[in-house]
Each structure stands twice: as C-alpha cells, then as structure tokens.
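Structure first, then comments.
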Amino acid sequence: MKPSPLRCAIDDGRPAIGMFVMMDGGASARLLAHLGYDFVVFDLQHGAIDLAGIEAVLGGVKGTECAPIARVHPRRPDQIEWALDLGAHGVVVPMVNSAADARLAVDACRYAPQGRRSVAALRNVLQRGNGYMTKANDDVVCIIQIEHIEAVERIDEILAVKGIDAVMPGHVDLALSMGHTLSYGGSVSNTVPQEVTDAIARVESACAARGLPVIPVAGTPQEFARAQQRGQRIACCNTDFHLFLQAAGAQLQACRAAMNHPTPGDKT
C-alpha cells in the first residue's frame with residue numbers, strides 16, 4: 001500500500017503545504033490538489049460540507065499526491081471512523097482539552113489492539129489496496145487541536161497519550177478562551193496578543209520535547225515562512241473561503257478604482 005503523503009511528510013520531517021477546504025462542492029479541493037498542495041483539510045466542523053461534499057472532495061483529490069484530511073466535530077469518535085471509512089487519510093480533532101479527549105481521538109483512529117476503530121474502510125481498501133487493513137494503524141494521521149487555555153495548562157498530560165501524530169494550535173479559539181476577541185471573518189492571520197503567543201509557544205515547546213510536529217494555520221505566505229523559521233515544516237496556509245474572499249475583494253476594489261479613474265485616452 002502506498003502510504004499517505006502527509007504521513008510521509010510527518011515521518012520523514014519533510015515540508016508539506018496544506019489548506020482548509022470550507023466551501024462546498026469539492027471544486028476548490030480539486031483545484032488545490034491539481035495545483036500541487038500536499039494535503040487539504042476538509043472542514044466538517046465549520047464548513048458547508050455534507051456527505052455529497054465529502055464525496056466531491058475525495059473524488060477531486062483522487063489520483064493526485066494530495067492527502068485528504070477531515071476536520072471532525074469535537075468528541076465524536078463515530079464521525080472519525082466514518083470519515084476514515086469514506087476514504088480520508090486522517091483527521092483533525094478540534095477542542096482537545098484533556099487526556100481523555102485525546103484518547104477518544106486516538107482510539108477511533110486505530111484498529112485493535114491499539115484502538116477501538118471498527119473494521120470496514122471499504123473505500124480505502126478499494127483505492128489503496130488490500131494492505132490497508134494491516135498498515136492503517138501506522139498510516140492514519142491523528143492531528144489534535146489545542147484551542148483552549150485549559151488544554152494549554154494540561155498540555156503535558158494530553159501529549160502523553162500515545163498515538164497523537166501532530167498538534168495544530170487553534171489561535172482564534174485559544175485567544176477567545178483567554179479573554180481576547182480576534183477578527184476572524186476576513187482572515188485567519190496569526191496576529192494575536194502576546195500572552196496568546198506565549199501560550200502557543202508553550203504548546204510548541206511541549207511538542208518539541210516529544211518530537212511531535214506542530215502544524216500551524218498561517219494566514220499568509222509570510223506567516224508560513226515564519227513558521228518554517230521556527231522549525232515547523234508542515235502548515236496549513238489559509239482556507240479556500242478566506243483566500244477567495246481576499247482575492248475577490250482585492251480584484252473588485254481594483255476594478256472599481258479603474259472605473260472611477262479611467263486611464264488617459266479612455267473614451268468609455
């Protein structure tokens with residue numbers, strides 16, 4: 001069985017660039033996969049994605065080197081198993097605030113005796129070969145999100161749970177749990193108050209001590225570059241929603257400016 005591209009990046013310490021897919025229809029996932037993104041995180045927690053949308057995303061990345069990862073709802077092991085059986089290569093599990101939350105996530109990702117995942121995975125067996133059943137425990141990527149100050153305070157006990165593959169800090173929710181409100185609608189920028197930065201640094205330090213990769217969500221290529229400088233080789237750079245919003249808005253402003261200020265010699 002050919003291993004998941006994201007799994008290879010984690011195990012080999014290679015760089016990987018991903019993006020959150022929040023818009024329905026699968027078109028953006030197909031575009032990102034064929035552009036060469038290493039993984040997409042299709043967002044079942046907050047995105048407008050139903051079962052048909054999941055099928056569209058999975059169909060869109062099929063045949064590419066892009067790993068489909070599902071962000072599920074918090075504390076929903078049944079949804080983890082479902083997403084993996086449909087063909088996801090791994091999951092992002094939000095709001096992991098305790099060791100018990102982490103264990104729920106890990107157990108749902110692994111077959112017995114390492115976990116409690118029920119045997120099925122027909123889609124992955126068809127698309128990735130019969131070896132999937134014997135290799136899935138080492139292939140499925142389990143990423144947990146640390147998004148609350150309670151989780152930061154418990155980070156050592158959370159990371160002690162065996163089977164976590166990477167940690168994705170959720171800076172917007174973390175800031176909110178610490179009494180700060182960030183502007184999320186127009187950007188996923190990592191510009192946060194210093195105490196939130198310090199909390200994220202605490203998470204990063206705990207992960208580094210265990211050799212666990214941190215996967216930040218960067219709002220710009222500049223933020224992605226800064227994450228690389230901190231040693232974070234894997235990152236999600238933006239979401240399809242925010243990228244479209246920013247690009248379409250900038251283009252609209254440019255076109256309106258051209259309408260209001262015609263170039264010399266323009267007779268329109």
Quick one: which helices (runs of 4 or more DSSP H) sit completely within the stretch 84-189 and have at least 3 residues that are touching a His at 6+ places or on another chain (Cβ under 9 Å)? 171-177
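Condition check ((1) crowded, with 21+ Cβ neighbours inside 10 Å; (2) among the polar types (S, T, N, Q); (3) more than 14 Å from CYS109 (Cα to Cα)) across all residues:
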site	(1), (2), (3)
VAL57	yes, no, yes
VAL61	yes, no, yes
GLU65	no, no, yes
PRO68	yes, no, yes
VAL72	yes, no, no
ASP78	no, no, no
TRP82	no, no, no
GLY87	yes, no, no
SER98	no, yes, yes
Hey, can you tell me all the residues within the stretch 1-42 that are surrounded by fewer than 19 Cβ atoms within 10 Å (Cβ to Cβ), without any contact (Cβ under 8 Å) to a residue 40 or more places away in the chain and not aliphatic (A, V, I, L, M)? CYS8, ASP11, ASP12, ASP24, GLY25, HIS34, GLY36
Answer yes if at least one residue in the stretch 113-122 is of a type in the set (S, T, N, Q) and over 15 Å from the mean Cα position of the chain (by Cα), and no otherwise. yes
Would you check which residues across the stretch 213-223 are under 22 Å from PRO5 (Cα atoms) and crowded, with 19+ Cβ neighbours inside 10 Å and list them? PRO213, VAL214, ILE215, PRO216, VAL217, ALA218
If you check ASP138 against the conditions, is it farther than 15 Å from CYS207 by Cα and acidic (Asp, Glu)? yes
Given (1) more than 21 Å from the chain's Cα centre (by Cα); (2) in contact (Cβ under 8 Å) with a residue 12 or more places away in the chain, index of the condition LEU86 fails: (1)
Just checking, does the stretch 209-218 include any residue being in a helix (DSSP H, G or I) and within 30 Å of PRO113 (Cβ to Cβ)? yes
Given the conditions (1) surrounded by fewer than 17 Cβ atoms within 10 Å (Cβ to Cβ); (2) in contact (Cβ under 8 Å) with a residue 40 or more places away in the chain, which single one is not true for ASN137? (2)
Criterion: among the small types (Gly, Ala, Ser) and assigned to a helix (DSSP H, G or I) - qualifying residue of ALA56, ALA70: ALA56
Among the residues of the stretch 219-231, what is the count of those that are touching a Pro at 6+ places or on another chain (Cβ under 9 Å), in contact (Cβ under 8 Å) with a residue 24 or more places away in the chain and either part of a helix (DSSP H, G or I) or closer than 15 Å to VAL192 by Cα (or both)? 3
Among the listed residues HIS34, HIS46, which satisfies the condition of being assigned to a loop (DSSP other than H, G, I, E, B) and within 24 Å of LEU243 (Cβ to Cβ)? HIS46
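Since every read-out is calculated from the coordinates, none of them should be taken as a lab result. Predicted model, so just to flag it, every value in this text is computed and none were measured. Ideal geometry is used to build each Cβ from the backbone, glycine not excepted, and the neighbour counts take in all protein chains shown.
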